[in-house]
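All remarks here apply to the structure that follows.
Quick note: the coordinates plus some simple rules give every number you see, no bench work behind them. Only a predicted model underlies this, so the values are computations on that prediction, with no experimental measurement involved. All Cβ positions, even for glycine, are placed from backbone atoms using ideal geometry, and neighbour counts span all protein chains on display.
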Amino acid sequence: MPDTILYAILEIRRDATEPDIKLAYRKLALKYHPDKNRDKNREEKLQAENNFKKIAFARDILTDENKRAIYDRDGILGLVDAPAGLFDLPPGTAEQPI
C-alpha cells in the first residue's frame, strides 16, 4: 500500500494537482499559523505549531515534482530531508495525522 500520509495531512487526494495542493495548504495554514493561535494555551499552541510544520513540509514535498515522485514511489522513508520525529504518531492515529 502506498504511503499517503502527506496527502492526508493536507486533506487531499493522491491525484491532487499543484493548485489543489497550494489551496489546501493555504486553508490549513490559516487554521494552524502561530499568529492565529496566540491566545491558546501552551499545549494547543505547540500542537498548532507542529501541525503548521507538517503542512508546510507536505506542501514542500508535494509541490516539488522530483520529491513528489520519490515520495510516491518510496514513501516518507525515501525522503532523506524529512525532519526526525515530525511524523511520529501515537498508535491508532495514522488515519488522522492532524
Roughly how many nanometres apart are two label points built 7 Å out from the Cα toward the Cβ at residue 26 and residue 3?
-> 2.9
Distance in nm between residue 68 and residue 35 label points, each 7 Å along Cα→Cβ, equals 2.7
Which residues in the stretch 1-43 place their backbone N less than 15 Å from a point set 7 Å from the Cα of residue 53 along the Cα-to-Cβ direction?
-> 33-34, 43
Per the Debye formula with a single identical scatterer at each Cα and no solvent contribution, what log10 I(q)/I(0) holds for the stretch 5-78 at q = 0.12, 0.19, 0.21 Å⁻¹?
-> -0.34, -0.74, -0.85
Going residue by residue through the stretch 48-63, the Karplus relation 6.51 cos²θ - 1.76 cosθ + 1.60 with θ = phi - 60° gives ³J(HN,Hα) values, rounded to whole Hz and with x marking Gly or Pro, of 5, 4, 5, 5, 5, 5, 5, 5, 5, 5, 4, 4, 4, 6, 6, 9
Sort the stretch 36-84 into rounded, prolate or oblate with this rule: let a ≥ b ≥ c be the square roots of the eigenvalues of the Cα gyration tensor; rounded if a/c is under 1.5, and if a/c is not under 1.5, prolate when a/b is larger than b/c, oblate otherwise.
-> prolate
The stretch 5-78, relative contact order [Cα under 8 Å, separation at least 6], % | 32
